[in-house]
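Report on the structure given below.
The values are calculated or read from the model by the stated rules, or taken from the named source; none is laboratory data. Predicted, not measured: the structure shown is a model, and the values here were computed from it. Every residue, glycine as well, gets a Cβ built from its backbone with ideal geometry; the counts of neighbours run over all protein chains shown. Each accessible area value is taken on the protein alone, full model and side chains, heavy atoms only, with ligands, DNA and RNA left out. Shrake-Rupley method; radii C 1.70, N 1.55, O 1.52, S 1.80 Å.
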Amino acid sequence: MRQISLRAPGKINWTLDIMGRRPDGYHEVRMLMQSVDLYDEITIMAGGTGITVVSDFEGMPLDERNTAWKAAALLMDMAGASEGVKISINKRIPMAAGMAGGSADAAGVLVGLNELWGLGLNVSQLEAIGLEVGADVPFCIAGGTAIAEGIGEMLTRLEPIEGIWLVVVKPPFGVSTAEVYKAFRMDKNNRHNDTEDIYQKLKAGDFKGLAATGLSNALEQVTVSMHPEIAAIKEELLSLGAAVSLMTGSGPAVYGVFEDQAAARFAQDHMKKTYFQTYLTRTRGKGIELI
């Protein structure tokens, strides 16, 4: 069997604003998205028939509900591929956390099969296919730093923000993105981020300015109302020296931004006493990476 291996990084949201609701029921968003150095490792083997997904993570669906499976099926159909694929996922991005772990896996499969089968699809073509799997898949393909609009598929790539130290805490529960969006109230959506100003502060490493400006996630109020523990995690990260702290995506994962590795490691050690899924990571400048 021919095979290829890739790293598929997760993401955080520096900002998440909801601009309105579309006639089809989806919400219009404006987000500043960022790849982080916390990734799943994916190995794809071509040969045999059908699609097989295996993982080291217990509880992950391995059938057509799996985003990697869906991505493979779409590309196989589009390419008219006659051979099957086996997809092995070494899971490191926490699931149901707001970090696009499933979208990253789908993006990895699209990039990997494009390479393995020699399809010659460019990034824009892969993004269009990825959008059929999920709104975060297009961003996850090239990754880095980008402003995402529409339902998340309209991407403005920016010079990447690299090397900022983060502590990510995933509490011991997941949330449904669909349920969070369903509970969101536009009439309570009274704050929007100055996305461009926040980006410039992050690029300059202006953590004091960032703290003064603050970051906001329009979905945080909804998820915190369901799980108040999220607010407590934010406060604890701030008390441990984070310049800012925010829930990512629809949650429940929360991150804190730290000025250096030593400060971040101290906070990680403290938070890990309570939350097993506590990660020390940093921002990275690209998405899917061939190993």
Cα centre as origin, Lys/Arg/Asp/Glu Cβ charges: the chain dipole, Debye: 360 debye
About its Cα centre, how strong a charge dipole does segment 1-158 have in debye, to the nearest 20, once Lys and Arg get +1 and Asp and Glu get -1 at the Cβ? 160 debye
Can you pull the semi-axes for segment 86-213, root of five times each eigenvalue of the Cα gyration tensor, sorted largest first, whole Å? 28, 20, 17
Dipole of segment 1-85 [Lys/Arg +1, Asp/Glu -1 at C-beta], most positive-end residue of Leu38, Ala73, Gly20: Gly20
Degrees separating the helix 195-204 axis from the principal Cα axis of the chain, which is the longest one: 90 degrees
To the nearest 10 degrees, the tilt of helix 261-272 (Cα long axis) against the first principal axis of the alpha carbons of the chain is 90 degrees
Euclidean distance between Cα centres, segment 184-259 to segment 1-37, Å: 16 Å
Most mobile of Pro23, Pro172, Pro94 in a GNM of the chain (Cα contacts under 10 Å): Pro23
Only one of the values [x] 18.6, 57; [y] 24.7, 76; [z] 19.2, 67 was calculated from this structure for Rg and Dmax of the Cα atoms in Å; name its label. [x]
Share (percent) of C-alpha pair distances in segment 1-108 greater than 16 Å works out to 63 percent
Carbon plus sulfur, as percent of the 1.4 Å-probe accessible area of segment 146-291, comes to 51 percent
Below 28 Å, Cα to Cα, which lysines can Lys170 reach? Residues fewer than 8 away in the same chain don't count. Lys11, Lys70, Lys91, Lys182, Lys188, Lys201, Lys203, Lys208, Lys234, Lys272, Lys273, Lys286
Heavy-atom accessible area of segment 9-60 with neighbours in place, 1.4 angstrom probe: carbon+sulfur share in percent works out to 48 percent
Find the accessible area per residue for segment 59-181; the probe is 1.4 Å, ligands and nucleic acids are left out, and the unit is Å². 38 Å²
Give me the accessible area of Lys272, 1.4 Å probe, in Å² rounded to the nearest 10. 90 Å²
